[in-house]
Amino acid sequence: QGNFGPGTTQNMSTDIAYAMVAGPNGTLAEYALIQGNFGLFAGQILDQLTGLPVETEGKRSFPYQGFKFHTMVSGGMTYICVAVDNFEVRRAFAFLSDVKTIWLSQYGEQGLQANKLAMNDSFGRLLESRMRFHSDPKNDKFGQIKEQTETAKEKFHTIIDKMTERGELIEETANRAQQLHSDSFQIKGKATELKKKYKTRNCIIWTSVICCIVLIVSFILFFCSLFSVLFFCS
């Protein structure tokens, strides 16, 4: 098995380090952005994938020494790329799908009969261009949409939290208003009761005063009548 060896430069400016397109007769085109034994290991994987039944065609990933080999087998053709371990699998297969589409648009089914490295000169530089393009996060539209969605979700949750907090304040204010309304009714009831009490008291006082006046006047009239009788009698 071995390893990528001293020739491998892992401090790279691209996340996709190597790409290959292969047919039944072997590698048809490849490109490496950094030095390493990627082609050797990709060839070993290709040997394992060659001759697989059609129903087993599909996508696979193989982690190895800080890198991942991503493979796509379709229609007798094999598309392979090597990316750093933390490079999203989704982006790796988006790259391979892009390569597959371009390959089929240019060569159709020619790769099924082509000899080894027959398209390397014409397709190798295109592999380089697409590797650099898909390695740049700015070109990851899905990732940008995902980031925008996450940002929108955070803003939404912030708004909901503020609305919830505001709702609690409104509810607290409503409770206080209801309490004040209830207190005002109690105060009004007490005031009415007190008013009736004082009104009754005032009636009693005025009745007492009038009675006293009537009594005093009656006594005065009585004594005046008495003195008048005594005066005439004398």
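Details
- Test result for residue 139, loosely packed, with under 12 Cβ neighbours inside 10 Å and modelled with pLDDT of 75 or more: no
- Residue check, residue 182 modelled with pLDDT of 75 or more and under 25 Å from residue 82 (Cβ atoms): no
- Some residue of region 68-82 being without any contact (Cβ under 8 Å) to a residue 60 or more places away in the chain, farther than 14 Å from residue 21 by Cα, touching a strand residue (DSSP E or B) at 6+ places or on another chain (Cβ under 9 Å) and open to solvent by less than 60 Å² (accessible area, probe 1.4 Å): yes
- Of all residues in region 89-136 being open to solvent by 80 Å² or more (accessible area, probe 1.4 Å) and among the acidic types (Asp, Glu), the one that is farthest from the chain's Cα centre (by Cα): 121
- In region 57-74, the residues that are of a type in the set (S, T, N, Q) and closer than 13 Å to residue 42 by Cα: 61, 71
- Failed criterion for residue 85 (all others in (1) at pLDDT 95 or above; (2) open to solvent by 50 Å² or more (accessible area, probe 1.4 Å) hold): (1)
The values are calculated or read from the model by the stated rules, or taken from the named source; none is laboratory data. These numbers come from a predicted model, not from an experiment. Please note: Cβ atoms are built from the backbone with ideal geometry, for glycine as well, and neighbour counts cover all protein chains shown. Accessible surface is based on the protein model in full, side chains and every heavy atom, while ligands, DNA and RNA are left aside. Shrake-Rupley method; radii C 1.70, N 1.55, O 1.52, S 1.80 Å.
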